[in-house]
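**Student:** Could you have a look at this structure, given as structure tokens, before my questions?
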Amino acid sequence: MAHFVFETLAYLTGFRLYLWQRRRAGDALDSHTRWSIVAAAIAGAAVGSRLLFWFEDPEATLAHWRNAEYLLGGKTVLGGLLGGVIGVELTKKWLGITTRTGDLFAVPLAAGIAIGRIGCFLAGLPDRTYGVATTLPWGVDFGDGIRRHPTQLYESAALALVALWLWRRQSRPHPRGRIFQSFMIAYLALRLVVDAIKPEVAVALGLSSLQWAALAGLVYYAHDWRHLHD
């Protein structure tokens, strides 16, 4: 129940922030084009979140490949973000749009994920977003007698700071697209680090599929790294 409440709150907060920013800052795109891009992001996120979930534990996916509830029930935030980006870029190419369109989504996404991760934390073991065992004093026992890294709270706190950082950056002059690029680089780097202390299945060179996806995203945005402080 807590997971549903916070996930709903995350969506509502992100959507309201997006609408508020759009009214405040204006939009270079007409409403039809903008909502076409939003629809592409939602569709891409829905596909990407499940595809990456299937690769998160390949053996489990193969064992349940006939179980529709398993295949359609799991999802990953990272896969959703990357899938959304791909969906948007393909739609923009189809519509002939060359303008950067992601800045209005950056703060809403960071704030929304920060809120949603609190729900993941409260959901406990079934959510499977906890960290590995730790002896640190802030380790949390999710009900199985093992104190673990509360990686959900690590992500929530980090993304709250990212949201504040992006909020301040967007109030200053910046090239179009820079705010969203900064969000993606920060989030991908965060997942690469935090997932290292999660009990994920390593698929190659000691890295999980989620970490490989984060690395691929960082490579995609590599030419934007130097502009993080612009």
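**Student:** Taking the chain as the reference, fit the longest principal axis to its C-alpha atoms, fit the long axis of helix 31-56 to the helix C-alpha atoms, and give the angle between the two in degrees, 0 to 90, nearest 10.
**Tutor:** That works out to roughly 20 degrees.
**Student:** Return the Cα extents of the range 16-130 along principal axes one, two and three, sorted largest first, each rounded to a whole Å.
**Tutor:** Its Cα atoms span 47, 33, 17 Å along the three principal axes.
**Student:** Next question. With angles folded into 0 to 90 degrees, how steeply does helix 2-25 sit against the dominant principal axis of the chain? Use alpha carbons for both and round to 10.
**Tutor:** Compared with the principal axis, the helix lies near 10 degrees.
**Student:** Let me ask something else. May I ask you to compute the full-extension gain from Thr98 to Leu164, defined as 0.36 nm times their residue separation minus their alpha-carbon distance, rounded to one decimal in nm?
**Tutor:** 21.0 nm
**Student:** Assuming R0 = 30 Å, can you tell me the calculated FRET efficiency for the pair Asn67 and Ala2, based on Cβ-Cβ distance, to the nearest 0.05?
**Tutor:** Efficiency computed from Cβ-Cβ geometry: 0.70.
**Student:** Quick one: helix 103-123 against the long Cα principal axis of the chain, what's the angle to the nearest 10°, folded into 0 to 90?
**Tutor:** Between the helix axis and the principal axis of the chain, the angle is about 20 degrees.
**Student:** If you don't mind, another one. Rounded to a whole number, what is D in µm²/s for the range 1-76 from Stokes-Einstein with the Kirkwood radius over alpha-carbon pairs (4 °C, 1.567 mPa s)?
**Tutor:** For these conditions, the coefficient is 86 µm²/s.
**Student:** Calculated FRET efficiency, Asp127 and Leu90, Cβ-Cβ r, R0 35 Å, to nearest 0.05?
**Tutor:** Result of the calculation: an efficiency of 0.70.
**Student:** State the label only: which of (1) 7, 30, 37, 19, 5, 0; (2) 7, 22, 22, 17, 16, 12, 4, 0; (3) 9, 34, 36, 16, 4, 1, 0 corresponds to P(r) over Cα pairs in 10 Å bins from 0, in percent computed from the shown model?
**Tutor:** (1)
**Student:** How high is the relative contact order of the chain? Use alpha-carbon pairs under 8 Å, at least six apart in sequence, and give a whole percent.
**Tutor:** This gives 22 percent for the chain.
Just so you know, all these numbers are worked out from the coordinates, no wet-lab data involved. Just so we're clear, the structure is a prediction, and the values are computed from it rather than from any experiment. A quick note on method: Cβ atoms are made from the backbone with ideal geometry, for glycine too, and the neighbour counts reach across all protein chains shown.
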